[in-house]
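What follows is calculated from the coordinates using simple rules that are stated; it is not laboratory data. Just so it is clear, the structure is predicted and the values come from calculations on it, not from any experiment. Counting neighbours? That spans all protein chains shown, and the Cβs are built from the backbone with ideal geometry, glycine included.
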Amino acid sequence: MPPRPRTAIVCCAGLWLSACDQGVLDPQGPVAAAERLILLNATAIMSVVVVPVILMTLAFAWWYRASNTRAAYTPDWAYSGKIELVVWAIPAMVVILLAGVTWIGAHQLDPRAKLQASVPPLNVEVVSLDWKWLFIYPDLGVATVNDLVLPTGVPVNFMLTSATVMSAFFVPQLGSQIYTMPGMTTHLNLLADRTGDFAGLSSHFNGNGFSDMHFVARALPPAQFQAWLTRSHAGAALDLSAYERLARSGNLVGTQTYGSIYPKLFERILNTSAPAAVGR
């Protein structure tokens, strides 16, 4: 092969593989791994139809070309029971298999389903703001902005809401996108079984600052997580006035750590952003 085409092929392959890094095809937890398995299984099942159709299209075009005198010309042909059987049976089997994979996967990966682990879960309350993410650790008494710190091997029980517009919480390498909505609470259970920094984002367009609404999920060994927690308690307090400054629309910030939090701040945000009842 000439050097230029070979170089182009290598570059294209490198770009394709780099797209898998830090994405849904590079899972770092059991939920993301299960989601990738569903994606690969669905692709393999659909290939049973897609690949033969592509090959048969090319084969028919070559065989029934004008210059091929061996190809039979049957203008009065109208029906074949064998062809009808193949045309309907194979897609029906594909639909049944895809339905089974989807049904089983949807129940196994229910966002509210608890993850099996030998240690108790870590509770994290998530609030989406314009345009940043607030993470509250109610049992640990700390909070962070755009910096989600997790211990490896520990299931994390997320409770999520929005103080403004609807957003979508998503860490592709850990799995399961889920929406945050004002006045409502959604639940999500994830686990990081490897250390590393994983990109998180809002995958739902929600305003001018949408492109800056991202964060880093840092999975640390338990000992390093405890060291981070000790350092975090030296941070400023997240009282109501600090939260009001943080929640200002368009107030874009980097990462920030709070050493203490206002009692039941998540419930206060949830009730404040809830729409008023009709007739009141």
Original post:
Rounded, prolate or oblate: which fits region 132-177 when a ≥ b ≥ c are the square roots of the eigenvalues of the alpha-carbon gyration tensor, with rounded for a/c under 1.5 and prolate only if a/b beats b/c?
Top reply: oblate
Subject >> Theoretical gain in end-to-end length, Asn123 to Ser203 [0.36 nm per residue, Cα-Cα removed] >> reply: 26.5 nm
Original post:
Sorted from fewest to most neighbouring beta carbons within 10 Å, what does the list Met159, Met93 look like?
Top reply: Met93, Met159
**OP:** Would you mind ranking Ser162, Ser118 by Cβ crowding within 10 Å, fewest neighbours first?
**Re:** Ser118, Ser162
**OP:** State, to one decimal in nm, how far the label point of Val51 lies from the label point of Leu97, with both points 7 Å from Cα in the Cβ direction.
**Re:** 1.0 nm
Original post:
Put +1 on the Cβ of every Lys and Arg and -1 on every Asp and Glu Cβ in the chain; which of Leu240, Pro30, Pro120 then has its Cα farthest towards the positive end of the dipole?
Top reply: Pro30
Original post:
Which value in deg cm²/dmol, rounded to the nearest 500, describes the helix-derived mean residue ellipticity at 222 nm for the chain, given -39,500 (n - 2.57) per DSSP H run of n ≥ 4 and division by the residue count?
Top reply: -13000 deg cm²/dmol
Original post:
To the nearest 20 debye, what charge dipole does region 140-280 have about its Cα centre, counting +1 at the Cβ of each Lys and Arg and -1 at the Cβ of each Asp and Glu?
Top reply: 200 debye
**OP:** Once you have a ≥ b ≥ c as the square roots of the Cα gyration tensor eigenvalues for region 196-247, tell me rounded if a/c is under 1.5, and otherwise prolate or oblate according to whether a/b is larger than b/c.
**Re:** oblate
**OP:** Report relative contact order for region 122-273 in percent, whole number only (criteria: Cα-Cα under 8 Å, sequence separation at least 6).
**Re:** 30 percent
Original post:
If r is the Cβ-Cβ distance from Val87 to Val24 and R0 is 35 Å, what FRET efficiency results, to the nearest 0.05?
Top reply: 0.60
Original post:
About its Cα centre, what dipole magnitude does the chain give when the only charges are +1 on Lys and Arg Cβ and -1 on Asp and Glu Cβ, stated in debye to the nearest 20?
Top reply: 420 debye
Subject >> aspartates and glutamates with Cα under 19 Å of Lys114, excluding same-chain neighbours fewer than 8 positions away >> reply: Glu35, Glu125, Asp139, Asp193
**OP:** In a Gaussian network model over the chain where Cα atoms closer than 10 Å are linked, find which of Arg70, Arg36, Arg112 has the largest mean-square fluctuation.
**Re:** Arg70
**OP:** Calculate, for Trp63 and Asp110, the FRET efficiency according to 1/(1 + (r/R0)^6) with r their C-beta to C-beta distance and R0 41 Å; round to the nearest 0.05.
**Re:** 0.25
**OP:** Could you give the DSSP H helices of the chain that reach 30 angstrom or more along their long axis (alpha carbon positions) and whose average Kyte-Doolittle hydropathy is no lower than 1.0?
**Re:** 30-63, 81-108
Subject >> Nearest-0.05 FRET efficiency for His214 and Ile38, computed from C-beta distance (R0 41 Å) >> reply: 0.95
